[in-house]
Structure formats: structure tokens, C-alpha cells
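Asks: The structure follows.
The values are calculated or read from the model by the stated rules, or taken from the named source; none is laboratory data. Every value quoted in this text rests on a predicted model; they were computed, and no experiment measured them. As a convention, Cβ positions derive from the backbone with ideal geometry for all residues, glycine included, and neighbour counts pool all protein chains shown.
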Amino acid sequence: MKTTVFNAKHKQLNARMVEFADFEMPIEYTGVNAEHLAVRSSVGVFDVSHMGEIWVKGPSSRKLLDYVLSNNPGELVPGKAQYTCFPNGKGGIVDDLIVHKYDEEKYLLVVNASNIKKDWDWLNAQNKFGAALENASDRMSQLAVQGPNAVKVMQKLTSIDLSAVKPFTFITGSFAGRENILLAATGYTGAGGFEIYMNNDSDPQSIWDQLFEAGKAFDISAVGLAARDTLRLEMGYCLYGNDINDTTSPIEAGLGWITKFNEGRRFIDRELLLAQKTNGVSRKLSGLEMIDRGIPRQHYTLYNQSGETIGEVTSGTMSPSLKKGIGMAYIQTDYAVPGTEIRIGIRDKKLAARVVKMPFYK
């Protein structure tokens, strides 16, 4: 297994370590619920250094991104970031990602850990424009500092006015005594905060130590991947491999808002996805809330009131904030209407649930 530069820090904190995307990663430290609620109420730090970072540079960088991305990179200005995905040419999704625009000839793509090689190969295969590609994943680390007190903690370590860094913008500068640190307000928890990107030669362990020292007054917590999953699920954020994959279209997944059909844009799967948007789809990714006591888990079958199969759960958990079972599922469109009561096959029972609008946590 690979390890991140913070591996020793996790073990010092007695984290429970697991293999994830070929990395040894902390799944939890003190417990999923406690870590989840710490982020919602104060501030937590996630090691997300397993994520991938790919640079796209040169005069042809915009042409390549215009072609491979569902969202419109033409809407970006320097210092802006954008959530988007790679359509796969068959109506599915290669990966979802965030693109950061430095200038007209320099973009940073942040991709899912499990898809780094897949995305790298995909970009190279589509690069008929001659853009310069660089996979910097093994040379960079990333920490996510999330929660309502994240800015208060981080502001102690920089002269940059972090309150001026609005959602889906980023800035590069001095942080914790290190230069050229990228600070991006693109969190995956719905609790606010920043991602901190640093090169591995900039002493990331010192940045970790300074964050935890600065956060003592706010009971700062280390947070594992399990709470990261429950936090994103409460917000209805998709997880690649669960809620989206090579067989799910962005229109089915409720990602029409990151699929832009601007006149003149000719991106992969444009016509197929435009037809889906125009004509509708047979299934939709929807939120579920348990009525009966139970937890909807991935691959559990959904039924209508007559016992007919109408869909399948993609993600589910017992919400630490709401104290009830919640989930996401692909449901036949006729039943994917908020308020519709359905049944979920849990063990040998069909338990009651209802379709709800996401996010679950507001």
C-alpha cells in the first residue's frame, strides 16, 4: 500500500487504518459520529492526500478541457474553480472532478484517488490538441479543513484574508510559514472551509502540526474517511463508484447543472446528453429518508407499494445529524417525486421510506 506524508500522524492518534484506493488511510479516530459532529459544530481536518492532481498547461489547454469536460471551462476566470465531470463517450462518467483555473494556459484538475490512472489515461487518449499534461499526484499533499470554525483556525496561519475567498474560488500564497500553498474553498462536507494543497517538499507535517496548535481553542479534530462519507451524504453529494460511474449519466445523476450545452461547445457525449435533458430519462438519482427504523445500504432493492422493483440504493447511512436512516438511489422516474412513499428491501423485510429532496441536512 501507498502511504501519505501524514501516515505517522494518523498512527500517533491511534487511527483505525484501512486500504483505500491503494493507500493506507484513516477510516476513523475517535468514532464516526463524534468526528462528523465535530465538523458540523466546530472544525475537523481530513488527510485527502490520496486524491489526484493533474496539470493541464499550454496554449491548447482550454481546447482540451472544452472537449473532455461536461461543465463549461469558458465560464472560469483566474482564481475560480468548477465542479465538473468527464463524459465517457457512452453516456456514462469517467470521473467527477474539480478544475482550478490559474490563467489561460494553466489549469489544475483534482480527481478521485481511485481513478488517477484511469483519468490520466483518458486525458492522454483524448488529447488531440497537444496540451501539456503533468500528473503531479505523487508530489502533492492535500488537507481539508472543514467546519464553521475552519476560517478562524486557518486565519491564524496566514495574512491572506480568508473571508474574501468565496466558495469555488482559490488563492495561492503564504500559509503556515510556507510559500506557494494553494487554498481552495471547494469543500465536500457542506460545513464550509478550505482545501490546502502543498508540494511534498514544503514540509506538510509542519503544516499539520501548526493547524492543530492553532485549533486547540476550537477543539479541532482529526477526521477519517468514514465521517467524510456521512458528511457528504447528508449534503447529497455524489461519490464516484457509488452514486455515479461509467454506466450513469450526469443527467440521471442530477448533474444537469454541471452539463452545459452552450452554443458552439462540442464536448464528448454532447448530443446524447442533450437528448436526455430534452426527452427525459427513465431513472433519477434521488434522496431517501426512512420512515420505518432501518438503514438503506448500497445495492438494497427498492419497491413500489405493489411490490414491483423500481430501483436500487447507491449510498446510505444513519445520519449522525438527523438521527435517521438516509440514502441515495436510482429510482424509476415516475416514483422519483419528493413525498412518494416506497419500500426498501432490508434483510427479509420491506421497510417504508419516502423520496425527499436533497440535501438532507440544511
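Asks: Looking only at the stretch 192-206, count how many residues are surrounded by 23 or more Cβ atoms within 10 Å (Cβ to Cβ) and touching a residue at least 60 places away in the same chain (Cβ under 8 Å).
Replies: Residues that pass the stated criteria total 4.
Asks: Name the pairs whose Cβ atoms lie under 8 Å apart, with the first residue in the stretch 12-25 and farther than 24 Å from Val111 by Cβ and at pLDDT 95 or above, the second surrounded by 12 or more Cβ atoms within 10 Å (Cβ to Cβ) and of a type in the set (Ser, Thr, Tyr), and 6 or more positions between them or separate chains?
Replies: Pairs found: Leu13/Tyr29; Asn14/Tyr29; Ala15/Tyr29; Arg16/Tyr29.
Asks: Another one. Can you pull out the strands (runs of 3 or more DSSP E) entirely within the stretch 176-230 that have at least 3 residues that are over 18 Å from the mean Cα position of the chain (by Cα)? If you could, list the steps in order and put the result at the bottom.
Replies: Working: elements: 178-184, 193-199, 221-223.
Fully inside the stretch 176-230 and qualifying: 178-184.
Asks: Anything in the stretch 124-157 that is part of a strand (DSSP E or B) and closer than 21 Å to Ser202 by Cβ? List them, or say none.
Replies: Those that are part of a strand (DSSP E or B) and closer than 21 Å to Ser202 by Cβ: Glu134, Asn135, Met140, Ser141, Gln142, Leu143, Ala144, Val145.
Asks: Does Ala136 count as within 19 Å of Asp47 (Cβ to Cβ) and surrounded by fewer than 17 Cβ atoms within 10 Å (Cβ to Cβ)?
Replies: Yes; evaluated as a whole, the condition is true for this residue.
Asks: Okay, next question. Restricting the stretch 163-175 to residues that are aromatic (Phe, Trp, Tyr) and outside any loop (DSSP other than H, G, I, E, B), which is surrounded by the fewest Cβ atoms within 10 Å (Cβ to Cβ)?
Replies: Phe170
Asks: Given the conditions (1) out of contact with any strand residue (DSSP E or B) (no Cβ under 6 Å at 6 or more places or on another chain); (2) surrounded by fewer than 16 Cβ atoms within 10 Å (Cβ to Cβ); (3) without any contact (Cβ under 8 Å) to a residue 40 or more places away in the chain, report the number of the one that Gly89 does not fulfil.
Replies: Result: Gly89 fails condition (3) only.
Asks: I'm checking my understanding of the structure. Among residues of the stretch 315-339 that are aliphatic (A, V, I, L, M) and closer than 18 Å to Gly241 by Cβ, which one is surrounded by the fewest Cβ atoms within 10 Å (Cβ to Cβ)?
Replies: Met328
Asks: Please identify the pairs in which a residue from the stretch 339-352 that is among the basic types (Lys, Arg) has its Cβ atom under 7 Å from the Cβ atom of a residue that is not in a strand (DSSP E or B), counting only partners at least 6 apart or on another chain.
Replies: Correct list of pairs: empty, since none qualify.
Asks: Ok, one more. Being part of a helix (DSSP H, G or I) and either touching a residue at least 60 places away in the same chain (Cβ under 8 Å) or of a type outside the set (Lys, Arg) (or both) is the filter here, so list the residues in the stretch 95-123 that pass it.
Replies: Of everything in the stretch 95-123, those that are part of a helix (DSSP H, G or I) and either touching a residue at least 60 places away in the same chain (Cβ under 8 Å) or of a type outside the set (Lys, Arg) (or both) turn out to be Ala113, Ser114, Asn115, Ile116, Asp119, Trp120, Asp121, Trp122, Leu123.
Asks: Would you check if Asp66 is in contact with a Phe, Trp or Tyr (Cβ under 6 Å, 6 or more places away or on another chain), among the acidic types (Asp, Glu), touching a residue at least 24 places away in the same chain (Cβ under 8 Å) and not in a loop (DSSP other than H, G, I, E, B)?
Replies: No.
Asks: Return only the number of the condition from (1) assigned to a loop (DSSP other than H, G, I, E, B); (2) assigned by TED's automatic domain parsing to the domain that holds Glu195; (3) touching a residue at least 40 places away in the same chain (Cβ under 8 Å); (4) not polar (S, T, N, Q) that Ile160 does not satisfy.
Replies: The single condition Ile160 does not satisfy is (3).
Asks: Could you check, for the stretch 56-66, whether at least one of its residues is more than 17 Å from Asp119 (Cα to Cα), modelled with pLDDT of 95 or more and crowded, with 21+ Cβ neighbours inside 10 Å?
Replies: Looking for residues that are more than 17 Å from Asp119 (Cα to Cα), modelled with pLDDT of 95 or more and crowded, with 21+ Cβ neighbours inside 10 Å, one finds none in the stretch 56-66, hence no.
Asks: Taking the stretch 336-362, which residues are more than 15 Å from Gly254 (Cα to Cα) and assigned to a strand (DSSP E or B)?
Replies: Glu341, Ile342, Arg343, Ile344, Gly345, Ile346, Lys349, Lys350, Leu351, Ala352, Ala353, Arg354
Asks: Okay, moving on. Could you go through the stretch 283-306 and let me know if any residue there is of a type in the set (Val, Ile, Thr), in contact with a strand residue (DSSP E or B) (Cβ under 9 Å, 6 or more places away or on another chain) and under 23 Å from Gly92 (Cα atoms).
Replies: Checked against the condition, which is being of a type in the set (Val, Ile, Thr), in contact with a strand residue (DSSP E or B) (Cβ under 9 Å, 6 or more places away or on another chain) and under 23 Å from Gly92 (Cα atoms), the stretch 283-306 yields at least one hit.
Asks: Another question, if that's okay. Note down all Cβ pairs under 7 Å where the first residue falls in the stretch 272-292 and is over 15 Å from Phe261 (Cα atoms), the second is part of a helix (DSSP H, G or I), and they're at least six residues apart or on different chains.
Replies: Once the first residue is over 15 Å from Phe261 (Cα atoms) and sits in the stretch 272-292, its partners that are part of a helix (DSSP H, G or I) give Gly280/Thr333; Val281/Thr333; Ser282/Thr333; Arg283/Thr333; Lys284/Thr333.
Asks: While we're looking at this one, here's another question. Is one or more of the residues making up the stretch 299-314 closer than 27 Å to Asn33 by Cβ and surrounded by fewer than 19 Cβ atoms within 10 Å (Cβ to Cβ)?
Replies: Yes.
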